[in-house]
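Trainee: Take a look at the following structure, please.
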Amino acid sequence: MSNTLEIKNLNVSIGDKQILKDFSLTVPKGEVHAIMGPNGTGKSTLAKAMAGHPDYEVTSGEVIIDGENIMELEADERSREGLFLAFQYPMEIPGVTIANFIRAALNARLPDDEELNAPDYYKALYAKMDMLKIDRKFTSRSVNDGFSGGEKKRCEILQMAMLEPKYAVLDETDSGLDIDALKIVAEGVNSMRGENLGALVITHYQRLLDYIVPDVVHVMYDGRIVKSGPKELALELESKGYEWVKELAGEVAAS
């Protein structure tokens, strides 16, 4: 199916423990879907397995981008196919500047005999940095090295803005952010919303969804989706907590 991210019957394990259990989800381009659920239910496992993290064993299932199953591809090939993952805990890369890191990622997408035009690249980079309220001096700093939590998350969204993926997975982007940083990150994500991007926002709290308003909310428990609904479902989770989800999950597993 074109213009769609499809996750079909995905089963993922870490060691002897199965985390995702026939997990299925569809995110069309132009929509933002949110996944909520208690800790330990497999939300971050989903994100990392999609991106090709070697610690997560995919025992069966598919992740299909615009009709192509990407699960046999290496992590960098999945990125070139249009998948982007914003990490919950972005890694520090001492010695590699932000400007060079993003430039290398963009060059990797070009044919072998082509290279980015430097003036055009910096013009685009600075425009995105201004949008995200990132000081231009950051271009000479090493990726995430010594950054605050908010700076790391803005750097992730800057990479997303420059790479222009088809589908973005935001793994608990709100983790460790104060309200001002959260608003700035949300503004950056919202500026990219449109018919050319499908986004999957993974979060534990409803707070993020006040600023990145989803089209659909999915509730995850014990490695699978147990309920989907409109944005109001997030408010229901906030008011009721997750206890009622456990009972619902038992019904889904038994069906």
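The values are calculated or read from the model by the stated rules, or taken from the named source; none is laboratory data. The shown structure was predicted, so the numbers you read here are calculated from the model rather than taken from an experiment. Here the Cβ positions follow ideal geometry from the backbone for every residue, glycine too, while neighbour counts run over all protein chains shown. All accessible areas refer to the heavy atoms of the entire protein, side chains included, with ligands and DNA or RNA removed. Shrake-Rupley method; radii C 1.70, N 1.55, O 1.52, S 1.80 Å.
Trainee: Can you compute the FRET efficiency between Asn100 and Glu247 using 1/(1 + (r/R0)^6), with r the Cβ-Cβ distance and R0 = 41 Å? Round to the nearest 0.05.
Mentor: My answer for the efficiency is 0.20.
Trainee: Whole number in Å², please: accessible area per residue of the chain, 1.4 Å probe, ligands, DNA and RNA not counted. Could you put the intermediate results ahead of the total?
Mentor: Numbers: 12190 Å² over 255 residues.
Per-residue value: 48 Å².
Trainee: Under the 0.36 nm per residue contour assumption, what length would be gained going from the current alpha-carbon distance of Leu116 and Glu74 to full extension?
Mentor: The span from Leu116 to Glu74 would gain 12.7 nm if fully extended.
Trainee: Moving to a separate point now. Just to verify a number: FRET efficiency for Glu195 and Asp16, C-beta to C-beta distance, R0 = 41 Å, to 0.05?
Mentor: Numbers: r = 43 Å, r/R0 = 1.05.
For Glu195 and Asp16, the calculated efficiency is 0.45.
Trainee: Follow-up. What does DSSP give for the chain in terms of the percent of beta bridges that are antiparallel, rounded to the nearest 5?
Mentor: Working: 24 of 42 bridges.
Bridges in the chain are about 55 percent antiparallel.
Trainee: Which of the pairs Lys48/Lys166; Lys152/Lys227; Lys21/Lys48 have their Cα atoms more than 20 Å apart in this structure?
Mentor: On the way: Lys48/Lys166 17 Å; Lys152/Lys227 32 Å; Lys21/Lys48 15 Å.
Beyond 20 Å: Lys152/Lys227.
Trainee: Starting from the Cα of Thr59, step 7 Å along the direction of its Cβ; do the same at Tyr205; then give the gap between the two resulting points in nm.
Mentor: For the pair Thr59/Tyr205, the computed spacing is 3.5 nm.
Trainee: First measure r as the distance between the Cβ atoms of Tyr89 and Ser140, then evaluate 1/(1 + (r/R0)^6) with R0 = 22 Å and state the FRET efficiency to the nearest 0.05. Present the calculation step by step, with values, prior to reporting the outcome.
Mentor: Numbers: r = 24 Å, r/R0 = 1.07.
That gives a FRET efficiency of 0.40.
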